[in-house]
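**Student:** First, the structure itself, so that you have it in front of you.
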Amino acid sequence: MPVKSLLDALRDDRSKVTLDIAALELAGIEFPGLDQEAFTFRLDHLAEQINAQLAPRANGLEFVKASNELLFDVMQFRGNAEEYYDPRNSCLNSVLMRRLGIPITLSLVYMEVARRLSRTVYGVGLPGHFIVAYEDSESRYWIDPFHNGQILSFADLCTLARDAVGMDLRLNPAVLAPVTKRQMLVRMLSNLKVIYLRGEAFDKARQVLDLLIEAMPEYAEEYRHRGVVHLRQLNHKAAKADLETYLRLEPDSPEREQVEKQLVLIERWKAGLN
């Protein structure tokens, strides 16, 4: 599975790799050998269709309305609430084919179409939800691609944050800051990690964890998760290395006792081979 562009984007937020290319490489975990060009073409075509509906100097609201009409009324992109944890919802190629996704991948489609039209649309990571914001020198609109492109007011955002985690958004305005490309890819990988671990798809989970560790080498939790995956796959040497790294990075972890027990079991297994 080639992930050169994805790794570049994960290592450096200033990477020139576009989000669609990185996301399609990420989707290659679930869909090995997918044809990237076929799906960048689909994004190109969506952008061309929206552009055809716009006057030469269309303002921000006209752009948002034209985008919403094509994506959600004509093409019927929608949130897959019924099968939220289907891994296909996290894969850009599948979202473009099935027109079903979760908040972050539907937002990605919106952002990539806008980029092709030189419109500034960025991701916003609300607590428990993901939306996009359109912004230019004259206007800003918050848009919820998971709910048919609903245009949200600041009061709506406050309600979402309060209902999700009890957060007062007025005291935490940084939540509305643009999510970086790297942050968005890490969030997508984290979603897939949860799905694959829950479904015991350990080969795929390990590929995702390899990428997360590449992106965040000092983040201890991913080593613990990967160590457990290695254990389940009887890769005891790799499991030992990851679990020891976890304890080194997180010496006061509440999981320390459990991890130490796992390391003892590995040593007993090695002794039994001799």
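**Student:** Rg (Å, one decimal) plus Dmax (Å, integer) for the alpha carbons of the range 66-121?
**Tutor:** My reading of the Cα-based Rg and Dmax gives 11.1, 34 Å.
**Student:** Convert each backbone phi in the range 135-148 into a coupling constant with the Karplus relation 6.51 cos²θ - 1.76 cosθ + 1.60 (shift: θ = phi - 60°), then list the ³J(HN,Hα) values in order as whole Hz, x for Gly and Pro.
**Tutor:** So the J values, rounded to whole Hz, are 8, 9, 5, 10, 8, 8, 10, 9, 10, 10, x, 6, 10, 6.
**Student:** Over the range 94-241, what is the relative contact order in whole percent, taking alpha-carbon pairs under 8 Å and six or more residues apart?
**Tutor:** Relative contact order of the range 94-241: 14 percent.
**Student:** Something else: Specify whether the C-alpha gyration tensor of the chain places it in the rounded, prolate or oblate class, a ≥ b ≥ c being the square roots of the eigenvalues: rounded for a/c under 1.5, otherwise prolate if a/b is larger than b/c and oblate if not. Show your work: numbers first, answer last.
**Tutor:** Working: a/c = 2.51, a/b = 1.84, b/c = 1.36.
Cα axes put the chain in the prolate bin.
**Student:** Please report the relative contact order for the chain, taking Cα pairs under 8 Å with a sequence separation of at least 6, and give it as a percent rounded to a whole number. Don't skip to the answer; put the middle values down first.
**Tutor:** Details: 362 pairs, mean separation 40.1, N = 274.
Computed over the chain, the figure is 15 percent.
**Student:** Okay, moving on. Between E214 and D35, take the C-beta separation as r, use R0 = 22 Å, and let me know the FRET efficiency to the nearest 0.05. Mind dumping the intermediate values first?
**Tutor:** Details: r = 25 Å, r/R0 = 1.13.
According to the calculation, E is roughly 0.35.
**Student:** How about K237: which lysines have a C-alpha closer than 24 Å to its C-alpha, ignoring those fewer than 8 places off in the same chain?
**Tutor:** Within reach: K193, K204, K261, K270.
**Student:** What is the set of long-range amide H partners of T120 at a cut-off below 5 Å, with H atoms built 1.01 Å from backbone N?
**Tutor:** E135
**Student:** Related question: To the nearest 20 debye, what charge dipole does the chain have about its Cα centre, counting +1 at the Cβ of each Lys and Arg and -1 at the Cβ of each Asp and Glu? It would help to have the intermediate numbers written out before the result.
**Tutor:** On the way: 34 positive and 39 negative charges, 83 e Å.
For the chain, the charge dipole is close to 400 debye.
**Student:** Using the Karplus equation 6.51 cos²θ - 1.76 cosθ + 1.60 (θ = phi - 60°), what ³J(HN,Hα) coupling, rounded to whole Hz, does each residue of the range 75-83 give in order, writing x for Gly and Pro?
**Tutor:** In residue order, the calculated couplings are 7, 6, 4, 7, x, 9, 5, 5, 10 Hz.
**Student:** Can you tell me the orientation of helix 256-273 relative to the chain, as the angle in degrees between its alpha-carbon axis and the longest Cα principal axis, to the nearest 10?
**Tutor:** Tilt of helix 256-273: around 50 degrees.
**Student:** For the chain, which span is the longest to avoid every loop-located (per DSSP) member of trypsin sites (Lys or Arg not before Pro) having at most 13 other Cβ atoms inside 10 Å? Working shown, then result.
**Tutor:** Numbers: sites that count: R14, K16, R57.
That gives 58-274 as the longest site-free run.
**Student:** List the lysines whose Cα sits under 16 Å from the Cα of K16, skipping any in the same chain fewer than 8 residues away.
**Tutor:** K4, K181
**Student:** So what J values fall out for the range 240-245 if you push phi through Karplus, 6.51 cos²θ - 1.76 cosθ + 1.60 with θ = phi - 60°, rounded to Hz, Gly and Pro as x?
**Tutor:** Residue by residue, the range 240-245 yields 4, 4, 5, 5, 5, 4 Hz.
**Student:** Same structure again: Rounded if a/c is under 1.5, else prolate if a/b is larger than b/c, else oblate: which is the range 92-170, with a ≥ b ≥ c the root eigenvalues of its Cα gyration tensor?
**Tutor:** oblate
**Student:** Hey, another quick one. What nm distance separates the two modelled labels at T159 and Q183, each placed 7 Å from Cα along Cα→Cβ?
**Tutor:** For the pair T159/Q183, the computed spacing is 2.5 nm.
**Student:** Still on this structure, I have one more. Run a plain Debye calculation on the range 96-235 (Cα atoms as equal point scatterers, no solvent) and give log10 I(q)/I(0) at q = 0.09, 0.12 Å⁻¹, rounded to two decimals, same order as the q list.
**Tutor:** -0.34, -0.59
**Student:** Turning to a different aspect of this structure: Any chance you could check the Cα centroid distance between the range 77-151 and the range 204-274 for me, in angstrom?
**Tutor:** So the two Cα centres are separated by 34 Å.
**Student:** Among the GluC sites (Glu not before Pro) within the range 205-252, which fall in a DSSP loop and have no more than 16 other Cβ atoms within 10 Å of their own Cβ?
**Tutor:** Working: sites: E214, E218, E221, E222, E244; in loops: E218.
Listed in order of number, the matching sites are E218.
**Student:** Which three numbers, in whole Å and largest first, are the semi-axes of the equivalent ellipsoid of the range 1-156 derived from its Cα gyration tensor as √(5λ)? Don't skip to the end; give the middle numbers.
**Tutor:** Values: eigenvalues 117, 62, 52 Å².
So the three semi-axes of the range 1-156 are 24, 18, 16 Å.
**Student:** What is the mean projected area of the alpha carbon convex hull for the range 181-274, to one decimal in square nanometres? Please report the intermediate quantities before stating the final value.
**Tutor:** On the way: hull surface 24.6 nm².
Seen from a random direction, the Cα hull of the range 181-274 projects 6.1 nm² on average.
**Student:** With every protein chain left in place and a probe of 1.4 Å, what is the accessible surface of T120, to the nearest 10 Å²?
**Tutor:** T120 has an accessible surface of roughly 80 Å² with all protein chains in place.
The values are calculated or read from the model by the stated rules, or taken from the named source; none is laboratory data. In this text, all values refer to a predicted model and were calculated from it rather than measured experimentally. Neighbour counts are summed over all protein chains in view; Cβ atoms, including those assigned to glycine, are modelled from backbone coordinates with ideal geometry. All accessible areas refer to the heavy atoms of the entire protein, side chains included, with ligands and DNA or RNA removed. Shrake-Rupley method; radii C 1.70, N 1.55, O 1.52, S 1.80 Å.
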